[in-house]
1. Take the residues of region A:43-84 that are over 25 Å from residue B:124 (Cα atoms) and exposed (fewer than 14 other Cβ atoms within 10 Å of the Cβ): which is farthest from the other protein chains (Cβ to nearest Cβ)?
2. Select, from A:141, A:67, the only residue that is farther than 21 Å from residue A:209 by Cα and of a type in the set (A, V, I, L, M, F, W, C).
3. Pick from region B:214-248 the residues that are of a type in the set (S, T, N, Q) and buried (at least 19 other Cβ atoms within 10 Å of the Cβ): which of them is farthest from the other protein chains (Cβ to nearest Cβ)?
4. Name the helices (runs of 4 or more DSSP H) wholly within region B:1-81 that hold at least 3 residues that are free of Cβ contacts under 8 Å to residues at least 12 places away in the same chain?
5. Can you tell me which residue is surrounded by the most Cβ atoms within 10 Å (Cβ to Cβ) among those in region A:153-176 that are more than 9 Å from every other protein chain (Cβ to nearest Cβ) and part of a loop (DSSP other than H, G, I, E, B)?
6. Take residues that are assigned by TED's automatic domain parsing to the domain that holds residue A:167, under 21 Å from residue A:60 (Cβ atoms) and free of Cβ contacts under 8 Å to residues at least 12 places away in the same chain and tell me which of the helices (runs of 4 or more DSSP H) falling wholly in region A:81-149 contain 1 or more.
7. So which residues in region A:105-114 are more than 13 Å from residue B:219 (Cα to Cα) and within 27 Å of the chain's Cα centre (by Cα), if there are any at all?
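The values are calculated or read from the model by the stated rules, or taken from the named source; none is laboratory data. Remember, predicted model here, so these are calculated numbers, not experimental data. Cβ coordinates were reconstructed from backbone atoms using ideal geometry, including for glycine residues, and neighbour counts include every protein chain displayed.
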Amino acid sequence: MSTDVVLELRGLRTRFGPERGGTVAVDGVSFALRRGRTTALVGESGSGKSVTALSIMGLIEPPGHVVAGEILLDGRDLRRAGAREFEGVRGSRIGMVFQDPLTSLNPVLTFGSQIAETIRAHEPISRAAAEQRAVRLLEHVGVVDAAARAQDYPHHFSGGMRQRALIAAAIACRPDIIIADEPTTALDVTVQATILRLLHDLQQEMHASLLLITHDLGVVAAMADDVLVMYAGRVVERADVDTLFHAPRHPYTRALLGCATGIEDDRRAPLQPIEGMPPDLRHPPPGCRFAPRCRHAVAACDAASPALQPFGAAHEVACHRAAEVLADA
Amino acid sequence: MGKFLVHRLLGVLPVMFGVSVIIFLLMHLAPGDVTTVLLGPQATEAAKTELRHALGLDQPLPLQYGRWLWRTLHGDFGVSIATQLHVAALVLPRFVNTMLLTVASLFLAIVIGYGAGLFAALRTRSIFDRGTMVVTLLAGSTPPFWLGLILVLLFAIRLRWLPVSGMTDMAGDGGALDVLRHLVLPAVTTALGPAAIITRMVRSSLREALERPHVRVARAKGLSRGVLLRRHVILNALPPIVTITGLQLGYLIGGALLTEVVFAWPGLGSLLYDSITARDMPAVQATTLLIALAFVLVNILVDFINVLLDPRLRDA
């Protein structure tokens, strides 16, 4: 199974600002992405999901820095790669789709040329041939009359169409990994499903690994094979999707599921907001970062930070009381 | 695109009409009299009245203006009252000289401004960036006539590298090289202020463009640094840069005034100065119209370039 692993993070740590007084947005995150599978990265705003993705892409800009850990792509640590080598990885081995399609396209370049430039960056190909391929990619992602529309500028397109073009640009070189950072958050609800469907189909077709960043648990349930739950810069629970929804062990995961709205519930259970606020990452609590908001917290939780502990084959939880929580529900 | 140009060029006419009316009225509102200038302070009232009648200055203002407009529309700019030369013959060589100074200054301002601005934007908060900001602040607030005098003192009088003044024209004895030698100091003097303003605009415009989300998306595609800068940063930063450059060109055309006086540069500026003091109406009208026309055409050129640069403007 380990041969399926295409990307592995080990102890990733990304900090913004100086060593003292800076903010550690991602603190010791480790996980592996496997070929042909969709991994969802969930958590609330500020939990470090996007920073994790940008760290993988080498797109963290000062004052931010990846300060520790390994980003292993086929066993090669990208942190040791030079600028040129990293450029060769971005867009070619790893494609990324961003949150807001309205600002993600350059308004002064045509639709087609913004897809073609990905191809031209990585392959020795003429401009005309690259634009030809861009048209086929646009067709592939569901843009009607692609040959004509490739000559149009972004402001002629709706948000959904723009996101399709951005997806086409991200997959133009058939990457092994697609990272999608909240790809539907900025879109109309009616469009969200078609975009997610498209991402799913492309991932299946290319047998790629999809890292889907979202805070929408409905999306997770529909799309993911594996789920990583992040809280305050750390992964607190990792499980396959069934386990996560049916037997979550981390109190934060359970609280998150309690916040989700679901019409399938027979009884009109009131939504359960999580009390309190996420910690200030400039001064994180010494022990478990969720302890101040956790109704299961005991003295040990404030004393030491829990590490991820295995529960069964593909389930890991970072909680001192994980064994008791399930029974306590 | 053609429609845009036609539309804008038609718009020039009312602007020119307005400018000519305002200049005409201003000249008549200002105290002083051309007959006093021509005949001297000792002239009798009768002589003045006679001259006024001969020049047509005793007629009602609308009629005077109407006659001037009619002649001008037929390409006749009249005869300069002060010099008795045809205005066209008086203004045209001066216009060429001013354009020479203006284009040279603009070239300097663009080379300095675009270069320093780009370098500062790409090295934010570096010593170069901070230094550029201080220097441009000083350069932008230095009055050109003072700077001109300092440069003359240093390079012409102390070091004797360059001539103080005495520029004639291309056809003069020294030829093109002589013109170039005369051009250096006035061009540097005129260029410094605009160079400072352009530098700051290039820097801020590029920095703003660097922050846009689509730049990060473009980086995620693995584009090389050069392609990224050209296609996703500079191309997007250009419209405000083109606009400010055009404004500076407009400023240079008219604003070389003081520099021209300091360096005795035979351009429109010194002509305008002389004509206004002499109440030489036809010369003033022709000079200001020419400056205004150049200004308006530069603005149209700027808008046209911006439409080429930004497809969103094409649909508007």
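1. Filtering region A:43-84 for residues that are over 25 Å from residue B:124 (Cα atoms) and exposed (fewer than 14 other Cβ atoms within 10 Å of the Cβ), the one farthest from the other protein chains (Cβ to nearest Cβ) comes out as A:75.
2. On the way: A:141 fails: farther than 21 Å from residue A:209 by Cα.
None of the others qualify; the one that does is A:67.
3. Going residue by residue through region B:214-248, those that are of a type in the set (S, T, N, Q) are B:224, B:236, B:243, B:245, B:248.
Those left that are additionally buried (at least 19 other Cβ atoms within 10 Å of the Cβ): B:236, B:245, B:248.
Details: B:236: 6, B:245: 18, B:248: 23 Å.
Here the answer is B:248.
4. Working: elements: B:2-29, B:34-39, B:45-55, B:61-73.
Here the list reads B:2-29, B:45-55, B:61-73.
5. Here the answer is A:175.
6. Fully inside region A:81-149 and qualifying: A:83-89, A:101-104.
7. Selection gives A:107, A:111, A:112, A:113.
Every residue, every condition in (1) more than 12 Å from chain B (Cβ to nearest Cβ); (2) out of contact with any Gly (no Cβ under 8 Å at 6 or more places or on another chain), yes or no:
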| position | (1), (2) |
| --- | --- |
| A:96 | no, yes |
| A:106 | no, yes |
| A:114 | no, yes |
| A:135 | yes, no |
| A:142 | yes, yes |
